[in-house]
Amino acid sequence: MYTDIVMDHFMNPRNVGEIENADGIGEVGNIKCGDIMRIYIKVENDVIEDIKFKTFGCGSAIAASSVATEIIMGMTVEDALKVTNKQVIDALGGLPPVKIHCSVLAEQALKAAIYDYATKNNLEFEGLKGYNPVEDHDHHDVVDIEF
Amino acid sequence: MKRIYMDYSATTPVKQEVLDAMLPYFTEHFGNASSIHGYGQDAKKALEASRATIAGTIGAPADTFYFTGGGSEADNWALKGVMKANKNKGNHLITCKIEHHGILHTCETLEKEGFEVTYLDVDSEGMISLETLEAAIKPSTVMISIMFVNNEIGTMQPIAEIGKIARKHGLIFHTDAVQALGNVRINVDELNVDLMSFSAHKIYGPKGIGGLYIRKGIKIQNLIEGGAQERKRRAGTENLPGVVGFAKAAEIANENLDAHIEKLTYLRDRLVKGILESVEYSKSNGHPTLRHPGNVNVCFEFIEGEALLLSLNAKGIAGSSGSACTSGSLDPSHVLMSIGLPHEIAHGSLRLSLGDFNTEEEVDYAVESLVEVVHKLRMMSPLYDKVKGGK
Ligand SMILES: Cc1ncc(COP(=O)(O)O)c(C=O)c1O
């Protein structure tokens, strides 16, 4: 059901943990739905120098968090804001349709972390225009099989 | 890497003796049981002998047992067939919230067709209340359908008591015994049951074959229309290899029942104890004693079930979970919701169902692996550090 890349990121997640005195922290998701993603960023000269995550969720939520941190590490903040969930999916070699929302969550967690950084430092970014930190959690499709 | 199967409630391997019994019915004795010639008559003989064997293990006359294409079909047939054939008596059916979807989705269809269904609550251990059941009975009630053993949390309902209540009120009583067969002694008369659903692939038999016990005198409509097979009640050329395999599996299960229960109960209790003692923030679900001898259902806080299953699979252990992600649905399983677990706890559920080929060594390995895997996932979880106060 998952690609080898997803399984690799799930089994050996990159950049797990937290950053002491992070410049921005974003947390999205919903405990009821079973996934919460938290991203920490350290920014220097507008570049994301370090990024870490903690995720409560399924295999693809953990893999999406991991691969997203790899994509973003070292990017400028403006470039990071352009990263889409599609890039996360592609980097994972694809996700099953019911798991697409995990990649959306990764995109949202990053945006939330940058928003936090921007708010704390009174900065404005083109990519945050019209951004609303109120959570808009994406939902799964429903199919059920039971044994 | 060694592979350890702990998902016997999902399905079981076919035992060698069962397979050996089945094989000649694919090639040599391939006849159609309805044919007049020798091939047909051989098949017919095996069909009726198999029926008698299975019926014998549940204390029923041979001609009250009907083969179906599995447990789901038996559930559909029992509910739709009885409700439609007894419209003159009423339109009300009583069941409970933790039934298998074979029952629940059938009930939803019946509701759309104008029947009325009461879904009884269960308590935190998954038991229905006999008082609530009796109070739910009204003049229009025709039937009660309450499962024998729950497939997720293993809880065993007081079937004989429910049967007594049904008798007292002149109601028809059906039970889904798919998870009960081969795991608890069954006698349809002692249990006061009128209809009972079975499936062969949960008792080391083949998939796609099951059966419905129908007490003599119960009015029931056909579900599958066509030829005159199964005494005109269930059409379709009989699945002889399946029938023979089911009978062999039932026979073996019946002969070894006491030893099977004793062994699994020991392994189950060792597994639960091992987990609860070595993993903090874990909790066992279902009834502590009145439960399937091989069923272990545990919730681990702060982590999600699918991630847990994938990690266990990487260690060679096969289990299942009631988390939303594993079913692909939005909510965790209806059973875990019905016993009152909050969403965040139910998401971290794990079912390990043990069977005849598990060993004590495997159980101990499972506990060890769980300690590691749960720790690893918790270290990644933003919920865990909130609790640990580490951050
Ligand atoms: C309690 C219960 N009822 C019904 C079924 C359905 O049986 P089958 O898979 O043979 O259709 C199952 C298993 O899947 C079950 O556990």
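The values are calculated or read from the model by the stated rules, or taken from the named source; none is laboratory data. If you're wondering where the values come from, they're calculated on a predicted model, not measured in any experiment. Positions of Cβ are generated from backbone atoms using ideal geometry, with glycine treated the same way; all protein chains shown enter the neighbour counts.
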>> Checking the condition more than 22 Å from the chain's Cα centre (by Cα), assigned by TED's automatic domain parsing to the domain that holds B:V193 and hydrophobic (A, V, I, L, M, F, W, C), which residue from B:I58, B:I36, B:I54 passes?
In response: B:I36
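Here's a check for you: in region B:346-377, which residue that is in a loop (DSSP other than H, G, I, E, B) and facing another protein chain (nearest Cβ under 10 Å) is surrounded by the most Cβ atoms within 10 Å (Cβ to Cβ)?
Per the stated criteria, the residue is B:H347.
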> Of all residues in region B:191-220, which are aliphatic (A, V, I, L, M) and either buried (at least 20 other Cβ atoms within 10 Å of the Cβ) or near the ligand (Cβ under 8 Å from one of its atoms) (or both)?
Replying inline: B:L191, B:V193, B:L195, B:M196, B:A200, B:I203, B:I209, B:L212, B:I214, B:I220
> Which residues, counting only those in region B:122-155, are away from the ligand (no atom under 16 Å from the Cβ), part of a loop (DSSP other than H, G, I, E, B) and more than 16 Å from B:N285 (Cβ to Cβ)?
Replying inline: B:S129, B:I137, B:K138, B:P139, B:S140
>> If I filter region B:7-24 down to residues being crowded, with 20+ Cβ neighbours inside 10 Å and either at pLDDT below 95 or away from the ligand (no atom under 16 Å from the Cβ) (or both), which single residue comes out as farthest from the other protein chains (Cβ to nearest Cβ)?
In response: B:A21
>> With the structure loaded, tell me whether B:I252 is in contact with a helix residue (DSSP H, G or I) (Cβ under 8 Å, 6 or more places away or on another chain) and closer than 15 Å to B:T53 by Cα or whether it fails that test.
In response: yes
> Quick check: is even one residue across region B:162-171 modelled with pLDDT of 95 or more, away from the ligand (no atom under 16 Å from the Cβ) and in a strand (DSSP E or B)?
Replying inline: no
>> Please verify whether B:R185 is in a loop (DSSP other than H, G, I, E, B) and out of contact with any Asp or Glu (no Cβ under 8 Å at 6 or more places or on another chain), treating the condition exactly as stated.
In response: yes
>> Cβ contacts < 7 Å: first residue near the ligand (Cβ under 9 Å from one of its atoms), restricted to region B:68-80; second residue part of a helix (DSSP H, G or I) and of a type in the set (S, T, N, Q), any location; separation 6+ or different chain. Result?
In response: B:D75/B:T106
> Checking B:H343 against (1) of a type outside the set (G, A, S); (2) within 12 Å of chain A (Cβ to nearest Cβ); (3) crowded, with 19+ Cβ neighbours inside 10 Å, which test does it fail?
Replying inline: (3)
>> Please go through (1) in contact with a Leu (Cβ under 8 Å, 6 or more places away or on another chain); (2) among the hydroxyl-bearing types (S, T, Y); (3) not assigned by TED's automatic domain parsing to the domain that holds B:S320 for B:Y8 and return the number of the only condition it doesn't satisfy.
In response: (3)
> For the subset of region A:1-32 comprising residues that are among the acidic types (D, E), assigned to a loop (DSSP other than H, G, I, E, B) and at the interface with another protein chain (Cβ under 10 Å from one of its Cβ atoms), which member is nearest to B:M380 (Cα to Cα)?
Replying inline: A:E18
>> Any residue at all in region B:213-230 that's hydrophobic (A, V, I, L, M, F, W, C), in a helix (DSSP H, G or I) and in contact with a strand residue (DSSP E or B) (Cβ under 6 Å, 6 or more places away or on another chain)?
In response: no
> Does A:K99 meet the test of being surrounded by fewer than 19 Cβ atoms within 10 Å (Cβ to Cβ) and within 30 Å of B:S320 (Cβ to Cβ)?
Replying inline: no
>> Show me the helices (runs of 4 or more DSSP H) found entirely inside region B:1-92 where at least 3 residues are among the small types (G, A, S).
In response: B:38-57, B:71-85
> Scanning region B:95-121 for residues that are in contact (Cβ under 8 Å) with a residue 60 or more places away in the chain and β-branched (V, I, T), which turns out nearest to the ligand (Cβ to nearest atom)?
Replying inline: B:I103
